[in-house]
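**Student:** Submitted below is the structure of interest, expressed as structure tokens.
The values are calculated or read from the model by the stated rules, or taken from the named source; none is laboratory data. In this text, all values refer to a predicted model and were calculated from it rather than measured experimentally. Every residue, glycine among them, receives a Cβ derived from its backbone with ideal geometry; neighbour counts consider all protein chains shown.
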Amino acid sequence: MSNLILVGAQWGDEGKGKIVDILTRSADLIVRFQGGNNAGHTLVVGDEKFVFHLIPSGILHSGKISVIGNGVVVDPAVLIEEIQSLKKRGYFLDDSALIVSSDAHVIMPYHKALDIAREKARGSKKIGTTKRGIGPAYEDKASRRGIRVEDLLDDEVFKEKLLHNLTETNSYLKNVYNADELEYDGIYEQYAGYAKVIAKYVASSQTFLSEQIDKKKNILFEGAQGALLDIDHGTFPYVTSSNTVSGGACTGAGVSPRSIDYVLGIVKAYTTRVGGGPFVTELSDDIGERLQKEGAEYGATTGRARRCGWLDAVQLKFTTRVNGIDGIALTKLDVLTGIKKIKICTGYKHNGKILDGFTTSPKILGGCEPVYEELDGFDEDISEIKEFDKLPENAKIYIRRIQELLGTRVVMISVGCKRSQTIMVENPFDFISSKK
Ligand code: GDP
Ligand code: IMO
Ligand code: MG
């Protein structure tokens, strides 16, 4: 039995999907535990590209079980679309390969309407959400009025909850935001239809997972977003509405912390962010443009251009600690090829003083200047390199410096979007087995 949590260590889009796809070979189950279809995880298999928003990125491998845990917020329309698109492409032919938690909360059309109305009302202070209704769906969960998947499958309960929630939300939409109200009948018909399609996948994921743990199966927990978008530990309020850090896997899947063996942090070789909020190492010069172009930094969910900047060791030290990261998968190293001098931020200067460490305060972060360490870059094409030793010397120096600064080992290096473009220094699942 080896159970591993994979999390983004920055602001999302670190390349989690690709790494999950690779590690799925060593896992029996792949579990999403938080977030919803705000996520966009990209996988490239041969000449085919897949982007998953809800279904775990391990779904392309037959014989593995994908689980959408209780901590996820599920938009059934998106789930059904993903299922159908996979089947059309010749994948996910066995329906028993997907389990959707009966305790997961459902994203309703009024959640999306509220998300859009709120963002509009915030004006220049908008968060830059994905407008998928994520925040309002989690609000309903916290306020104990949310509709769970099990409610959706029970016509009587669903009708009652929908009527209650819609009446309340319509009043809010109309009176607070001057937005259009939504109609009960259309939503009811639509969601009753979704319930029929998804019913066969629904089960208690906690019970199922604890049985699998008893059977000593290997579980890979697939985080969405990144640690700095965590509702508690991120750059609040410019965050998402779930716990994206490793601790969220236990609550979002219903497994004990005792069953976790390893936390793998996914770190992009530079930094990106989509949406608003402070970004100390952001670059608005030609290097920033170059990273965006060479890294194809456009959102997999909304298509928005991602803001780009240098790697930030101050934030990564913080997220390494909050997540308890045992090993790092460093992605998109190939994108740095050809840059003469590569910078790593090693300190924040605020009002002339160097801060002790990271802070989640947007006000302080907004006034911080990065303190950089400069390293020589590399020119060689590294996209087909399979072994660490074959990397250019300056690329090795960059990786070793990251290890030194974060006090954690880089165990995987990604040098391109394809499965084959990966240097496996040490497979984390093999590492866990070797320690048992
Ligand atoms: P996720 O949300 O963390 O799964 O990441 P995204 O899929 O949103 O964004 C990562 C993007 O980088 C995708 O387009 C991947 O295909 C691509 N990608 C992943 N790893 C690498 C890599 O090592 N090099 C390059 N050039 N692209 C990569
Ligand atoms: P993956 O899993 C990057 C960002 C949004 C916005 C903030 C809140 O692909 O890494 P939300 O819709 O969640 O209320 O938006 O969070 N955001 C992401 N940024 N990658 C993601 O997911 C994200 N999911 C949400 O851009 O700033
Ligand atoms: Mg993404």
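**Student:** Mind checking which residues of region 38-60 are within 11 Å of ligand 1 (Cβ to nearest atom) and either among the polar types (S, T, N, Q) or in contact with a Phe, Trp or Tyr (Cβ under 6 Å, 6 or more places away or on another chain) (or both)?
**Tutor:** ASN38, HIS41, THR42, LEU43, SER57
**Student:** Let me ask something else. Quick test for you: out of TYR138, TYR177, pick the one residue that is modelled with pLDDT of 95 or more and out of contact with any His (no Cβ under 8 Å at 6 or more places or on another chain).
**Tutor:** TYR177
Rundown of residues vs (1) within 20 Å of the chain's Cα centre (by Cα); (2) in a helix (DSSP H, G or I); (3) under 24 Å from PHE208 (Cα atoms), yes/no style:
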| site | (1), (2), (3) |
| --- | --- |
| SER85 | no, yes, no |
| GLY90 | no, no, no |
| VAL100 | yes, no, yes |
| ASP103 | no, no, yes |
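Conditions (1) under 24 Å from ILE147 (Cα atoms); (2) in contact with a helix residue (DSSP H, G or I) (Cβ under 6 Å, 6 or more places away or on another chain); (3) hydrophobic (A, V, I, L, M, F, W, C), marked per residue:
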{"residue": "LEU54", "(1), (2), (3)": "yes, yes, yes"}
{"residue": "GLY63", "(1), (2), (3)": "no, no, no"}
{"residue": "VAL73", "(1), (2), (3)": "yes, yes, yes"}
{"residue": "ASP94", "(1), (2), (3)": "no, no, no"}
{"residue": "ASP103", "(1), (2), (3)": "yes, no, no"}
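**Student:** Pick out the one residue from ILE59, ILE5 that is part of a strand (DSSP E or B) and within 16 Å of ligand 2 (Cβ to nearest atom).
**Tutor:** Going through ILE59, ILE5 in turn, just one is part of a strand (DSSP E or B) and within 16 Å of ligand 2 (Cβ to nearest atom): ILE5.
**Student:** Name the residue that is surrounded by the fewest Cβ atoms within 10 Å (Cβ to Cβ), counting only residues in region 105-132 that are free of Cβ contacts under 8 Å to residues at least 60 places away in the same chain and small (Gly, Ala, Ser).
**Tutor:** This residue is SER124.
**Student:** If the requirement is being farther than 24 Å from ASP232 by Cβ and buried (at least 18 other Cβ atoms within 10 Å of the Cβ), which of these qualifies: GLU48, GLU14, GLU82?
**Tutor:** The conditions single out GLU82.
**Student:** Can you tell which of GLY35, GLY8, GLY63, GLY71 is under 25 Å from PRO257 (Cβ atoms), more than 12 Å from ligand 1 (Cβ to nearest atom) and of a type outside the set (Phe, Trp, Tyr)?
**Tutor:** GLY71 is the lone residue from the list that is under 25 Å from PRO257 (Cβ atoms), more than 12 Å from ligand 1 (Cβ to nearest atom) and of a type outside the set (Phe, Trp, Tyr).
**Student:** If ASN243 meets every condition in (1) more than 28 Å from GLN84 (Cβ to Cβ); (2) modelled with pLDDT under 95 apart from one, which number is that one?
**Tutor:** Unmet condition: (2).
**Student:** Taking the options ASP28, ASP95, ASP75, name whichever one is surrounded by fewer than 20 Cβ atoms within 10 Å (Cβ to Cβ) and under 14 Å from ILE198 (Cβ atoms).
**Tutor:** ASP95
**Student:** Let me ask you something else. I need the full set of residues from region 143-163 which are surrounded by fewer than 12 Cβ atoms within 10 Å (Cβ to Cβ) and outside any loop (DSSP other than H, G, I, E, B), in order please.
**Tutor:** Hit for region 143-163 is GLU156, nothing else.
**Student:** Is it true that LYS88 is touching a helix residue (DSSP H, G or I) at 6+ places or on another chain (Cβ under 7 Å), in the same structural domain as VAL20 (by TED's automatic domain parsing) and not β-branched (Val, Ile, Thr)?
**Tutor:** no
**Student:** Also: Could you pull out the residue among ALA296, ALA300 that is in a loop (DSSP other than H, G, I, E, B), within 15 Å of ligand 3 (Cβ to nearest atom) and either under 13 Å from the mean Cα position of the chain (by Cα) or not assigned by TED's automatic domain parsing to the domain that holds VAL415 (or both)?
**Tutor:** After applying the criteria, what remains is ALA300.
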